[in-house]
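The values are calculated or read from the model by the stated rules, or taken from the named source; none is laboratory data. For clarity, every value in this text was computed on a predicted model and none was experimentally measured. Using ideal geometry, Cβ is built from the backbone for each residue, glycine included, and neighbour counts are taken over all protein chains shown. Note: accessible area is taken over every heavy atom of the protein model, side chains too, but ligands, DNA and RNA are not part of it. Shrake-Rupley method; radii C 1.70, N 1.55, O 1.52, S 1.80 Å.
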Amino acid sequence: MCLGIPGRVVEIKDMAATVDVAGTRKDANLMLVDGVRVGDYVIIHAGFAIQKVNEVEAAETLRLVDELIKGMPS
């Protein structure tokens, strides 16, 4: 199983993006998703942006992930 967590695109150079995922910067290839701009949210898998998501979906997903993490035993 794969868990896709959205990240916000902070920089684009050619077909490569730098994406902020929960405060960590990741590189992502953009060749699989059209029309990605700085500020957009994308789901990354195996180094590729595989889907663009809107800000509301991204915020809800990040809230749920945070809730799951807080509920895990220490």
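Assorted remarks:
- Computed lengthening from ASP34 to ALA16, 0.36 nm per intervening residue step minus Cα-Cα distance: 5.2 nm
- Under 27 Å from the Cα of LYS70 - lysines, other chains or at least 8 residues apart: LYS26, LYS52
- C-alpha long axis of helix 55-71 to longest principal axis of the chain, angle in °: 40
- With protein chains left intact and a 1.4 Å probe, residues in the chain average 73 Å² of accessible area per residue.
- The figure for VAL65 is an accessible area of roughly 30 square angstrom, using a 1.4 Å probe on the protein chains alone.
- Atom-type composition of the exposed protein surface of the chain places 55 percent of the accessible area on carbon and sulfur (1.4 angstrom probe).
- Shown here for segment 18-74: trypsin sites (Lys or Arg not before Pro) in loop regions (DSSP other than H, G, I, E, B) with at most 10 other Cβ atoms within 10 Å, namely ARG37.
- In a reduced charge model with +1 at each Lys and Arg Cβ and -1 at each Asp and Glu Cβ, segment 18-67 shows a dipole moment near 200 debye about its Cα centre.
- Across the chain, the relative contact order, built from alpha-carbon pairs under 8 Å that are at least six residues apart, equals 27 percent.
- Base-10 log of normalised Debye intensity for the chain (one unit scatterer per alpha-carbon) at q = 0.12, 0.25 Å⁻¹: -0.31, -1.13
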